[in-house]
Structures are given as C-alpha cells and as structure tokens.
Amino acid sequence: MLTVIKSFWKIGTLLVVSALLTSCDKWVNDTKLPDNTIDESQLSGIDMLGKIDKGNYVYGPVIAGVWRAGATSASDLLVASGAIADEITSTAVPNSPFYKELDEDKLSPDNTSLFSTWSNVQNYRARAEDAIRIAEQLNPGEADQQKVKQAALVNARLHAGYAWLLMADYFSVSSTNKVVYADNKAVSHQEAYAKAQAYWEQAIPQASDAKKRMLHSLLAKLGIHTGNYALAAQHIGSSFGTAENFSFLNTVGTVSNGFFSALSINSRDAAVDPTLVSTLITTADKARNPVVKAAKGHWSLTLFKERDPLLVSDYDEMQLIRAELVARGLLSGNATDLVNSVILKYDASGASNKPATPALTLQDITAIRRIYLSWKGTRLIDLRRFGIDGDLNPGFTKRKWQWIGVPEIETQK
C-alpha cells in the first residue's frame, strides 16, 4: 500500500484542491486558483503554498490540505487511543466494531476501520513531507514569496513532526516489535520520535512567535511521551501562553469533532468508560468531563459540539507538565499551585483545589492528568510510560494491544 503513497498523495491533493475551490475559497482567502486540469507544475508553484495578504501569511491549497489531513488523522487516533485505555468502552450494539475490538483487546488485523485509520495517518505524513519537498525546491526572488516559502516550511514541518508523533504514539506491529512502516520501510518508535523532534527543531528558527511557542509545546509534550524529561524541561519555559493551543478546526466540509461523532448522546459507536465517570468527584472534575446517561444506559459525553475544534494540546497540558517536572526535581516551583491553576478554570470557588499538603506525588499527577487531559490522547501514553494497569480488564500491562496494530498487509514483504 505504501509503495504507491506518492501517487496517493497527488490524487489526494487534487481532491482536496477541488473541494477547497468548490466549497471554501474563503478559507484559503482567494489564493491563486489552478486550472480545472491540474498538473505537477501547478502543484509545485509558490501560489499553491500560500500568499501574503496585508502582511499576513494565508495558507494555499497544499498547506490547507495538510491541515485537513491532520484533522482527519488526529480525530481517528485520539478517539481510538481512548478505547485502548480506560476512557472509552463499548456500547451494547456499536455501529463501529473498531472501538469494541480495541476495548476488548481483540483487534482484528483486517478490520476495515484499521486500514482507514492507518491510511489517514500515512496520507497526513506524506502530504506534509511532500509540502516540505515542494517548498525546499523553490527559490523565489520576491520578498513576499520568500515569506510564503518560509511560512509554508514552518507549517509543513510542524505537521510532518506531528504525523510522526502520532505514528509512534499510537501504532506498533506488536507490543514486542515496536516498529511502524513508512515508504515501505520499517521504522522503530525511537526513529519516528527522532523524526518528529528534528522537524520541529528545524521549524523553530523561521517560525513566528506564536508558532515558536506551539513548537516548543510539542517538543515538551514529546519529552513527556518518550520519557525524555530533560527535553520537556528544556522547552516548557517557551511553551504556550494562557489562551494558546494546537487544535484542528472542524468547519470545512463534513468533518466533525471525533469525540462528538463517537460519544455524543445520539451516537452508539462508543461510550464514556464508567470507571472514568466514577473518578469525577469534585465540581471541577465534572465540569471538565460533563457526561449524561443515554437512553440505552451508557454514558455519553456532552463536552463537544459537532463543529468544536479537536484539541491536541494547550496551556493546561503545559501546566501539568510543569507540575510533573517539579515533582521529578527537574523544575523549581510548586506542583500543587500549578495543578490548581488548571482546576480553578473549572471551579473558580477554589473548593475543588488540591490541598497545599502533602506534596503531590507522580501518582497523584497521573490521576490528575487522567481527568484534566482527557480526550487528548494522553491517557494511553501515561498507562504505557508508567507501566500501570489502569481500570482495564485485562490490566493494561497484560493486554495484547498496547498500541494500535499496524495492518497485517503492511508487515508483509
């Protein structure tokens, strides 16, 4: 399948460009439109990467297509990760067997949803890396075009790095054979994480101040996910400001927030795990994770509307990373104050706050992350990096699938 990924990318680009031109010219803000018949030279032109409008960079169809591919891929994987962990469980009669198989640790290697999820993340990676290739080959002479090249490279590297992070975080041939496949080659998790780090570090020098903070935040997140806590400590000081985040908008075409599609009151694909519901004790806990009983008796999530952004990371996560680094002795500060800065957003009275003593332990912070970083794909990471079983049966450390299995066809020569 991946031997034809470049062709798939070209075909996909034509489809995305067509969709953008017919339904959302406003989003790409009247960048140059290609002819009805698009050839390779048009896709490789500077106008496909974007333009400068009133001093600001505006995505062209190629970069907008990368963002859309990322939205699809992240929606798939963040929801699926909750089914491997203890955030999402099966309903009695699910529409999608994918979440049920993940929940029950019986993932079938020929599940069609598995193929789709794998293909979407490969499409995302290929689009981002092809956008890098296009931008690097251009040598524009005009000042605005040089700015477009620079901004396109920052965006493409941001997404190429995130695609590699998604692959390493959520896919593996098995729990013992920790590899993924790209361009028909086996790539270890360590190599995939290194690719993500390299792309983000390459993007930082030319990024805007806001994008710099996003990239530093993702590098801090990478440090936590990989157990490289020194890397997290290195970047946490330059991470998101209070109102900043990395998210995917769901306002184009028919894309919906992935958790809304799977867990809303009118969906029967999956349900909020009752064990998570049982941990919601305080006012803040319940405000962060609003749930309601569906007619069939399972718990549904009311946190997201259909078109709400898919939130990947934000300032709250950075505060909890700071708290963990303090608990690990890698950062000065007060871990309880950092945690309470997040909790206060959901209960301004302070009644839900953690007490000043005793000092928070790593075990405490893990439980706090479960509640206040829910629906961001971090619970699976925490179960794996801490080697804990969570509220799973069998326990997480005893499960066959601790990642999403790579489709069997990809592992065959």
Nitroxide proxy distance, nm - points 7 Å out along Cα→Cβ at Glu191 and Asp110: 2.9
Computed lengthening from Thr242 to Gln363, 0.36 nm per intervening residue step minus Cα-Cα distance: 41.0 nm
Most positive-pole-ward Cα, Ile365, Ala284, Gly395, against dipole of the chain from beta carbon charges: Ile365
Cα-based Rg of the range 111-202 normalised by 2.2 N^0.38 Å, two decimals: 1.23
Ordering of 299-306, 374-381 by burial proxy (mean other Cβ atoms within 10 Å per residue, highest first): 374-381, 299-306
For the chain, built as a Gaussian network whose Cα springs stay under 10 Å, the top-fluctuating residue of Gly297, Gly161, Gly82: Gly297
Shape metrics for the chain, restricted to C-alpha atoms - Rg then Dmax, Å: 21.3, 67
Cross-link reach list, aspartates and glutamates versus Lys147, counting only Cα pairs under 14 Å and skipping chain neighbours closer than eight places: Asp47, Asp53, Glu136
Aspartates and glutamates whose Cα lies under 12 Å from that of Lys400, excluding same-chain neighbours fewer than 8 positions away: Glu101, Asp103, Glu104, Asp105
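Run the dipole for the range 328-413 about the Cα centre, Lys and Arg Cβ at +1, Asp and Glu Cβ at -1, nothing else charged, and hand back the magnitude in debye, nearest 20.
Working: 13 positive and 8 negative charges, 47 e Å.
Once rounded to the nearest 20, the dipole reads 220 debye.
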Filter on Lys178/Lys398; Lys106/Lys195; Lys149/Lys195; Lys221/Lys345 - keep pairs with C-alpha separation over 26 Å: Lys106/Lys195
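Is there a quick way to get the dipole size of the chain? I mean about its Cα centre, with the Cβ of Lys and Arg at +1 and of Asp and Glu at -1; what is the value in debye to the nearest 20?
Details: 43 positive and 43 negative charges, 74 e Å.
For the chain, the charge dipole is close to 360 debye.
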Distance between modelled label sites at Ser208 and Ile388, nm, 7 Å Cα→Cβ extension: 3.9
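Every number here is computed from the coordinates shown, using simple stated rules; none is lab data. Keep in mind the model is a prediction, meaning the values are calculated, not measured. Cβ atoms come from the backbone with ideal geometry, glycine included; neighbour counts cover every protein chain shown.
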